Amino acid sequence: MVGGSTTGDDGSKAPSAEQPGHPAAEPWPLWEVFVRSSRGLSHVHAGSLHAPDADMAVRNARDLYTRRNEGVSLWVVPASSIISSDPDAKGQFFESPQGKDYRHATYYTKSEGVKHL
Amino acid sequence: MSESNASATRITPGNALRPEDIAASDVKPSEAVGEYALRLGDDALILAQRLGWWISRAPELEEDVALGNIALDQIGHARSFLAYAGHAWGKTEDDLAYFRGEDEFRSCHLVEQPNGDFARTIARQLVISQYQFTLYARLMNSGDATLAAIAAKAVKEVDYHRDHARQWVLRLALGTEESRRRIIEGILLTWPYVGELFEDDELVTGLDGVAVRPSDLRPAFDTDIESLFAEAELEVPAVPFAVGGGRNGHHSEHLGYILAEMQVLAREHPGATW
């Protein structure tokens, strides 16, 4: 990696507990931010931030993620409340649908006489 | 009423009045209105310059961005007010921001005060945002269409600045022993500069229906501060007011240093663009 990295992105240089960026060195908890870009659409994950509490998290989200007219509504969720699938379990979780084309509508041929499908 | 003046009052989310619109407008304020706009613009400009210092120095990245956003909002307000004021004398917003000397600035002493620690900056933010909020809320009804339009855009932004400051006052005051000590100290250092904000003078009383009389803003300011301080278990400090005079160009020792940093590039390279 050019210039090196202390972010730990490559796993080889994870910051130590005393360094900024390490969860143990963060006084504020992590929050996940969801932005709804306009009425009728869903909230979409935009990123994360640190904040001391929920009220400040919404305000920080406003400052970080809606500066360019991105949204009409914000959700913030404590990152610790999100249960995610196991990245090492991709096989069990996500490979099963492969080869099961019959789960898609396009697998089926249109019956004669059905005009506007 | 000219076409451009009419458009200055049309404020919708997609059609907010921009400083560029004001600069291009042919609405020329009287010198008195120009002087008044200078006061409003200079407060915003000097505050923005002070707040900009926090970029990369705030306690957390998120606060860097929050204070930076507030500073940028203030620069936007300053540009609008100065662009408008400039029409009174055939000057641009840059002429006024970069090529005036210390005694030509009309900002209050409060915005010149040092940032200090985060708590002191928050105390200053509390006072200035509370003042600007009630000021712009009334200026929206000004008989001067351009001032009213600038205020209509600015009031929503300043409302957020006010909320930001109030949230932090509560958290610092009710947080740890150390954070409480710091916000109390910040408030003590800030309060001597409150009085100047609400002083009337001949200029504003002469602009009845156009300018907002500062003394009219005091009751709302006191009520809002008292309710916040009650919640935060703080006391409004009884401190003597500092000598003001900012509106007449008499400033504290801080303004010269602020201007030196803010103006050096423009003065070294007049007319430079990038």
- Query: Of B:Pro240, A:Ser42, B:Ala37, which is farthest along the charge dipole of the protein assembly as shown in the positive direction, counting Lys and Arg as +1 and Asp and Glu as -1 at C-beta?
  - Reply: A:Ser42
- Add -39500 (n - 2.57) for each DSSP H run of 4 or more in chain B, then divide by its residues: what number comes out at 222 nm, to the nearest 500 deg cm²/dmol? -20500 deg cm²/dmol
- Message: Between helix B:118-139 and chain B, what is the angle of the helix's C-alpha long axis to the longest principal axis, kept within 0 to 90° and rounded to the nearest 10?
- Response: 40
- Please report the base-10 log of the normalised intensity I(q)/I(0) for the stretch A:23-106, using a Debye sum with one equal scatterer per alpha carbon and no solvent, at each q in 0.15, 0.25 (1/Å). -0.71, -1.11
- Query: Ranking A:Ser73, A:Ser81, B:Ser107 by Cβ neighbours within 10 Å, fewest first, what do you get?
  - Reply: A:Ser81, A:Ser73, B:Ser107
- Query: Which length gain, in nm to one decimal place, applies between B:Glu268 and B:Arg213 when the Cα-Cα distance is subtracted from 0.36 nm times their residue separation?
  - Reply: 15.9 nm
- Message: Relative contact order of chain B, please, whole-number percent, based on alpha carbon pairs below 8 angstrom and at least 6 residues apart.
- Response: 23
- Query: Considering only DSSP states other than H, G, I, E and B, which GluC sites (Glu not before Pro) in the stretch B:143-189 qualify as loop sites with at most 16 other Cβ atoms within 10 Å?
  - Reply: none
- Item | For the stretch A:23-106: relative contact order, % (alpha-carbon pairs under 8 angstrom, 6 or more apart) | 31
- Query: In peptide A:59-67, how many Cβ atoms from other protein chains are near each Cβ within 10 Å, on average?
  - Reply: 4
- Message: Give the lysines whose C-alpha is closer than 23 Å to that of A:Lys90, dropping any in the same chain fewer than 8 places away, or say none.
- Response: A:Lys100
- Note on the structure: Taking a straight Cα-to-Cα line shorter than 16 Å from B:Lys156, and setting aside same-chain aspartates and glutamates fewer than 8 residues away, one finds A:Asp63, B:Asp73
- Principal axes first, then extents: for the Cα atoms of chain B, list largest minus smallest coordinate on each axis, whole Å, largest first. 58, 41, 39
- If you add up the charges near B:Gly256, with Lys and Arg at +1 and Asp and Glu at -1, over every other residue whose beta carbon is less than 15 angstrom from its beta carbon, what do you get? -4
- Task: Among the chymotrypsin sites (Phe, Trp or Tyr not before Pro) in the stretch A:16-117, which ones are in a DSSP loop with at most 16 other Cβ atoms within 10 Å of the Cβ? Mind listing them?
- Result: A:Tyr108
- Item | Where only alpha carbons of the stretch B:216-274 are counted, the Rg and the Dmax (Å) | 19.2, 52
- Taking chain B as the reference, fit the longest principal axis to its C-alpha atoms, fit the long axis of helix B:254-268 to the helix C-alpha atoms, and give the angle between the two in degrees, 0 to 90, nearest 10. 40
- Query: Relative contact order of the stretch B:143-274: what whole-number percent is it, with Cα pairs under 8 angstrom and at least 6 residues apart?
  - Reply: 24
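Bear in mind that the values in this text are calculations on the coordinates, not laboratory data. This is a predicted model, so every value here is computed, not measured. So basically every Cβ, Gly included, is an ideal-geometry build from the backbone, and we count neighbours across all protein chains shown.
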